[in-house]
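The values are calculated or read from the model by the stated rules, or taken from the named source; none is laboratory data. Note that the structure is a prediction, hence the values are computed from the model and not measured. Positions of Cβ are backbone-derived with ideal geometry, glycine not excepted, and every protein chain shown enters the neighbour counts.
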């Protein structure tokens, strides 16, 4: 009998990719959803994902959903209105999974090494610290196998709805940024992270205790932006902030600190190490071609 995996955040970018890819190989997938009638939930249900209505604070939905599952894929994002929510929910999910007999947990974590370089009490600092607290809970829970994946910046961030973090880009075609033209960007296709996850669930002994930084491709910001411009069908423009402008804007725009952290992100990813796992990876150009319809829809306001 094929294994069954409980996927947290199955309607999100990474969770949905994993859930659908698991179904393609015939594995069972369980997930909780806030709105079973949403487009994402309907797509999952059509693919054979078993949905349990409820949020991540709904213990009954979590316990019902976790029953009979062999693996847990844990992938939580913070609530920008309740910074304690994801830690509380993550710890609870881990506890329920362990009690339900889940054997292998995979956690999609942050790049913890960046914590020391971020200012306390900022959005990115809270995000990374919360990720670390959930990671500690999952690591210490005593699963038979435990794997950490640390994805790079998702290629899907350049598509709606996540593209909203790049303020003004889809409305004006101009991205005002703390990045530099020669900043080495590290990007990942969500289906590549899903492929690592499936490989780990298939071979828990090989992946047990592994801490893997997952990336699909590195490129300079200028190279990435040119690829995106070609896919959109018109030139997009980057407006690079001065150090003085960055200092002023960082007080108003929490995403500026994230862009500053991204200047160093390439230090924590080694593409040769990633490739040694033997899992096929996709380029940004391939991602944009696959997601052509979403690219056009995201940037249609520029036409």
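Checking every residue in segment 228-250 against the condition of being in a helix (DSSP H, G or I), in contact with a strand residue (DSSP E or B) (Cβ under 8 Å, 6 or more places away or on another chain) and touching a residue at least 12 places away in the same chain (Cβ under 8 Å) gives zero matches. Considering 211, 203, the condition of being free of Cβ contacts under 8 Å to residues at least 12 places away in the same chain and exposed (fewer than 15 other Cβ atoms within 10 Å of the Cβ) is satisfied by 203 alone.
Residue 100 passes every criterion in (1) over 19 Å from the mean Cα position of the chain (by Cα); (2) at pLDDT 95 or above; (3) more than 21 Å from residue 56 (Cα to Cα) apart from (3). Any residue at all in segment 225-248 that's within 22 Å of the chain's Cα centre (by Cα), under 17 Å from residue 111 (Cβ atoms) and surrounded by 19 or more Cβ atoms within 10 Å (Cβ to Cβ)? No - not one qualifying residue is present in segment 225-248. Checked against the criterion of being within 21 Å of residue 182 (Cα to Cα), in the same structural domain as residue 171 (by TED's automatic domain parsing) and at pLDDT 90 or above, the candidates 286, 244, 257, 291 yield just one match: 244. Taken over segment 151-164, residues that are under 14 Å from the mean Cα position of the chain (by Cα) and not in a strand (DSSP E or B) amount to 9.
Does segment 139-150 contain at least one residue that is without any contact (Cβ under 8 Å) to a residue 40 or more places away in the chain, more than 17 Å from residue 208 (Cα to Cα) and outside any helix (DSSP H, G or I)? Scanning segment 139-150, I find no residue that is without any contact (Cβ under 8 Å) to a residue 40 or more places away in the chain, more than 17 Å from residue 208 (Cα to Cα) and outside any helix (DSSP H, G or I), so the answer is no. Tell me, which residue of segment 203-224 that is over 21 Å from the mean Cα position of the chain (by Cα) and part of a helix (DSSP H, G or I) is nearest to residue 138 (Cα to Cα)? Per the criteria, the residue is 204. Just one of (1) surrounded by 16 or more Cβ atoms within 10 Å (Cβ to Cβ); (2) modelled with pLDDT under 95; (3) out of contact with any helix residue (DSSP H, G or I) (no Cβ under 8 Å at 6 or more places or on another chain) fails for residue 121. It is (1).
Among the numbered conditions (1) farther than 25 Å from residue 151 by Cβ; (2) under 22 Å from the mean Cα position of the chain (by Cα), the only one that residue 295 does not meet is (1).
If the condition is being in a helix (DSSP H, G or I), buried (at least 17 other Cβ atoms within 10 Å of the Cβ) and touching a helix residue (DSSP H, G or I) at 6+ places or on another chain (Cβ under 9 Å), then segment 86-113 contributes 86, 87, 89, 90, 93, 94, 96, 97.
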